[in-house]
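The values are calculated or read from the model by the stated rules, or taken from the named source; none is laboratory data. Keep in mind the model is a prediction, meaning the values are calculated, not measured. Virtual Cβ from ideal backbone geometry, glycine too; neighbours counted across all protein chains shown.
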Amino acid sequence: MGAPFNSIFSWLIKKRVHQIELFKKHPFEVQQELLSSLLSSAADTEFGKSNSFSAIRSHEDFKQNIPLQQYDQVLPYVERLKDGEQNLLWPGEILWFAKSSGTTNQRSKLIPVSRESLQECHYKGGKDLLGIYYNNHPNTRLFTGKHLIVGGSSEINYLNQKSYFGDLSAIIVKNLPWWCEWRRTPSRETALLSQWEEKIDRMAKETIEDDVRILAGVPSWTLVLLKRILEENETDNIFDIWPNLELYMHGGVSFTPYQQQFEEIMPGSAMNFVQTYNASEGFFGIQDLVRSDDMLLMLDYGVFYEFIPKEEWLSESPETILLDQVEIGTPYEMVISTNAGLWRYRIGDVIEFTNKTPFRFKIIGRTAQYINVFGEELMIDNVEKALTITCDTLKCSIKDYTVCPIFMTKEKSGGHEWLIEFDRSPISIQQFSEHLDVNLQKLNSDYAAKRSNDLSLQKPLVRSMKSGTFYDWLKSKNKLGGQNKIPRLQNDRKFAEEILFSNNITDHSAN
């Protein structure tokens, strides 16, 4: 049955490639038509009526009628939707809520998922990802084997027996079409388990006999599964288990800190890594080029985009711009309006465009996750590039990490404290700190200026954490698996102090 399936998929993707080329050539027209369609569809909802959707004729009208939203403004509608009310933000029934945990020190958010967003955004993105891959690798035999999604759990929403909430990956698994379900492993019961450690054990046992050709999941948790499978089978090469594995689709967190570990257990050139940007709020981007890790902004998924320039992030009423005003190499916070009823919603992710014909981009951080205690404006993109260069130079690798400030005192300037759990440790932590410092200065001129003569910043204080530190912390918070992430960059010490306390470290003085 594999050959006919490949032929059918080949025919379907040729049709879809034409549509993708259309929005690549006419991005502004596609987005304007999409905005009109969204407003028309939701005009008779409670939100649409109260914000005069039917009177909106332009983007200026759109901005004037609808203020920018954050989760606190959406939450009252979510509570009512959970109770079974409908037609509030989007027409039709809202039966699913994606649990967007973000970083682990924040409360979970429940994001409404409509039937349209599931079919025309999330599933469409998944199909396009495979289609683009097929277009780039026409001789692939992906679709004759199984695909394994390392996803989260779901649970019933007992306030309303018709609806449920869970990780986005669980919602997707729970609603997969038959042709996708037929090729998926492990069993649905195992895939949706909420007990992460039991799930990993069962996944490892259930999948080793399968012909797995596609892996998908957050890198950190996918590595946990792969290492368990390797341990149980006494090998360090995943191709010994799955000889036909060829594609790993990753997203959720940066792949950079984990890439070396993946390449070590997937030796050779047979493996392809493809990045996606599929958040609880929508599917936004796909890596469409083989030799470039930036992503194509997907413009026909029922998502209308606006962007907030960096200088406006902290403004009480930030100005937004559209695609025709963005510049390459400039950080923007994304604002989305979607076919699930999120309107001018500040998602908090920061992107940077790498190309405008077509629009390609990279995720470089979050507005809530960068350190700017001393004016250094250190973003996750700088941090992970510096860590990668440092690890490559010193032949070491990192499993997990977090960074926090060391605040100034009367006696000394401040600094950054790096809590790092190494997978392979450097020979000297002192040497690692010095290389890291130099690389950060090369990548970030604001950091370099503050480091000048130790004026505002001393060199980084790097602490090597014992093995299992971050996993144990996640387990203590009942945050194993799914989309739970370690907060990387913090402007306070709350999370770091918990990690230091768990390691019995009380001396927090800088170098």
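Here are some notes:
Residues are listed down the side, and each one gets a yes or a no for (1) buried (at least 18 other Cβ atoms within 10 Å of the Cβ); (2) touching a residue at least 12 places away in the same chain (Cβ under 8 Å); (3) touching a Pro at 6+ places or on another chain (Cβ under 8 Å):
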site	(1), (2), (3)
ILE308	yes, yes, yes
GLU319	no, no, yes
PHE374	yes, yes, yes
LEU378	yes, yes, no
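- Restricted to strands (runs of 3 or more DSSP E) entirely inside segment 64-171, those with at least 2 residues that are at pLDDT 85 or above, under 23 Å from the mean Cα position of the chain (by Cα) and of a type outside the set (Gly, Ala, Ser) are 96-100, 109-113, 146-150.
- Out of SER413, SER397, SER425, one residue alone is among the polar types (S, T, N, Q) and farther than 22 Å from ILE265 by Cβ. It is SER413.
- Qualifying positions in segment 368-395 - out of contact with any helix residue (DSSP H, G or I) (no Cβ under 9 Å at 6 or more places or on another chain) and of a type outside the set (Lys, Arg): ALA368, VAL373, MET379, ILE380
- Whether a residue is within 26 Å of LYS485 (Cβ to Cβ) and at pLDDT below 90 was assessed, and GLY341 does not pass this test.
- Failed condition for THR185, given (1) closer than 22 Å to SER100 by Cα; (2) in contact with a His (Cβ under 8 Å, 6 or more places away or on another chain); (3) of a type outside the set (Asp, Glu): (1)
- Looking across segment 327-343, the residues that are in contact with a helix residue (DSSP H, G or I) (Cβ under 8 Å, 6 or more places away or on another chain) and within 23 Å of PHE47 (Cα to Cα) come down to SER337, THR338, ASN339, ALA340, GLY341, LEU342, TRP343.
- For segment 288-300, a residue qualifies if it is closer than 22 Å to ILE111 by Cα and crowded, with 23+ Cβ neighbours inside 10 Å, and the qualifying residues are LEU297, MET298, LEU299.
- Number of positions in segment 285-305 that are hydrophobic (A, V, I, L, M, F, W, C) and in contact with a Gly (Cβ under 8 Å, 6 or more places away or on another chain): 6
- Scanning segment 263-290 for residues that are more than 20 Å from ASN139 (Cβ to Cβ) and in a strand (DSSP E or B) yields GLN275, THR276, TYR277, ASN278, ALA279, GLY282, PHE283, PHE284, GLY285, ILE286.
- Listed conditions (1) touching a residue at least 24 places away in the same chain (Cβ under 8 Å); (2) assigned to a helix (DSSP H, G or I); (3) of a type in the set (Asp, Glu) are all met by ASP44, apart from (2).
- Within the set GLY329, GLY252, GLY285, the sole residue that is surrounded by fewer than 21 Cβ atoms within 10 Å (Cβ to Cβ) and closer than 22 Å to VAL383 by Cβ turns out to be GLY329.
- In segment 202-223, the residues that are part of a helix (DSSP H, G or I) reach residues that are basic (Lys, Arg) with C-beta atoms within less than 6 angstrom, at least six apart or across chains, in these pairs: ALA204/ARG228.
- Boolean, ASP324 is in contact with a helix residue (DSSP H, G or I) (Cβ under 9 Å, 6 or more places away or on another chain), assigned to a helix (DSSP H, G or I) and surrounded by fewer than 16 Cβ atoms within 10 Å (Cβ to Cβ): yes
- Residue within segment 350-361 that is within 30 Å of SER41 (Cβ to Cβ), surrounded by 19 or more Cβ atoms within 10 Å (Cβ to Cβ) and at pLDDT below 90 present: no
- Restricting ARG213, ARG188, ARG183 to residues that are crowded, with 17+ Cβ neighbours inside 10 Å, out of contact with any Lys or Arg (no Cβ under 6 Å at 6 or more places or on another chain), farther than 20 Å from ASN484 by Cα and not small (Gly, Ala, Ser) narrows the list to ARG213.
- Filtering segment 383-401 to residues that are under 16 Å from LYS459 (Cα atoms) and under 22 Å from the mean Cα position of the chain (by Cα) leaves VAL383, ALA386, LEU387.
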